[in-house]
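Worksheet: one structure, shown below.
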Amino acid sequence: METSALPKTGFLANASRDLSVLLNSVASEVELAEGDVLFEQGDPGDALYAIVSGSLEFSILSREGRKLSLDVMRPGALFGEIALFDPGTRTATVTALEKSRVRGVKNADVIAAIRKTPELGIDMIQLAGERMRWMSSQLNEQVFLPMPARLARKILYLTLDGSEHLSQLSFSQSELAEFVGATREAVSKTLALWKRAGVIESTRGGVKVLDREALQVMADLHQI
């Protein structure tokens, strides 16, 4: 399989040259079809990954077996760094939402590269810092924000691809409910209200953002 060029978006847009060299030298590329699982929650963690193309969903299962979607990552994003700092099992399941390519580097190779080029450690610290801030914001939203605000924020977030706004979001109401920790019925009622207000267009194929500024107002707790 021909190796794809690394994208200049997401985390990789500001990553060091040393990290790019590492991902180009010892990484192996994996191609995923829509619906393919890269790894599952509970699998041994043994690699750091960069997304070259496509989009990946990150999800977990509760003890009751309920799926909760955590994030969607796109080209330029890095993930799997937790195993570098705390070797153990994967904390989430990663599924391709479309045909995708990822580049993986074994943890042993990353550690060896950091020992040889300590500046690489700065990339890993920055990546860990970004992930901690994201996790903190998600926890705050889940605890303190009402469902409509969480839904608006999630739609705004999911319609950003790292370089421009995407008006169309190909997620069902059930999938959006998984992202905000709500029932499909509650999400459906909220989307219906926004549709009547001309903020979004909701169909069986997903959601289309018609008025991004208005949706931003919906995402503000004080405006709901």
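The values are calculated or read from the model by the stated rules, or taken from the named source; none is laboratory data. On a predicted model such as this, the values are computed, not experimentally measured, just so you know. In this analysis, Cβ positions are derived from the backbone assuming ideal geometry, glycine residues included, and neighbour counts consider all displayed protein chains. Ligands, DNA and RNA are stripped out before the accessible areas are found, and what is left, the full protein with its side chains, is counted by its heavy atoms. Shrake-Rupley method; radii C 1.70, N 1.55, O 1.52, S 1.80 Å.
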**Q.** Helix 184-196 axis, angle to the chain major axis (alpha carbon atoms, nearest 10°)
**A.** 70
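Give the relative contact order (percent, whole number) for region 75-199; include only Cα pairs under 8 Å separated by 6+ residues.
Numbers: 47 pairs, mean separation 21.7, N = 125.
The value is 17 percent.
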Q. How high is the relative contact order of region 145-221, given as a whole-number percent (alpha carbon pairs under 8 Å, six or more residues apart)?
A. 39
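When only C-alpha pairs under 8 Å and at least 6 residues apart count, what is the relative contact order of the chain, in percent? Let's see the in-between values first.
Numbers: 375 pairs, mean separation 45.1, N = 224.
Across the chain, relative contact order equals 20 percent.
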Q: Indicate the gyration tensor shape class of region 61-112 (rounded, prolate or oblate), computed on the Cα atoms with a ≥ b ≥ c the square roots of the eigenvalues: a/c under 1.5 is rounded; otherwise a/b larger than b/c is prolate and the rest oblate.
A: oblate
Q. What residue among 100, 62, 16 shows peak mean-square fluctuation when the chain is described by a Gaussian network model with Cα springs under 10 Å?
A. 62
Q: Report the residue, chosen from 25, 174, 55, that carries the largest GNM mean-square fluctuation when the chain is represented by alpha-carbon nodes joined by springs under 10 Å.
A: 25
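Assuming 0.36 nm per residue, please report the length gained on full extension of the stretch residue 208 to residue 167 beyond their Cα-Cα distance. Could the numbers behind the result be given before it?
Working: separation 41, 0.36 × 41 = 14.76 nm, distance 0.54 nm.
Here the segment from residue 208 to residue 167 would lengthen by 14.2 nm.
Tell me the per residue accessible area of region 57-130 using a 1.4 Å probe; a whole number in Å² is fine. Intermediate results must be reported in sequence, preceding the final value.
Working: 3760 Å² over 74 residues.
That works out to 51 Å² for each residue.
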Q: Report the local net charge at residue 138: Lys and Arg +1, Asp and Glu -1, summed over other residues whose C-beta lies under 14 Å from its C-beta.
A: +1
Q) How many angstrom lie between the C-alpha centres of region 16-39 and region 201-222? A) 33
Q) Just how much of residue 144 is accessible, in Å², when a 1.4 Å probe is used and the result is rounded to the nearest 10? A) 140
Q) Can you count the Lys pairs in the chain whose Cα atoms are under 27 Å apart, with each pair 8 or more apart or on different chains? A) 18
**Q.** Accessible surface, 1.4 Å probe, highest first, among residues 180, 26
**A.** 26, 180
**Q.** For residue 116, net neighbour charge (Lys/Arg +1, Asp/Glu -1) across residues whose Cβ lies under 12 Å away
**A.** -2
(Q) If you average the alpha carbon positions of region 96-122 and of region 125-190, how far apart do those two centres end up, in angstrom? (A) 27
Q.
Less than 9 Å Cβ to Cβ from residue 28, Lys/Arg counted +1 and Asp/Glu -1: what total charge do the surrounding residues give?
A. +1
Q | Rounded to the nearest 10 Å², the accessible area of residue 135 at probe 1.4 Å | A | 110
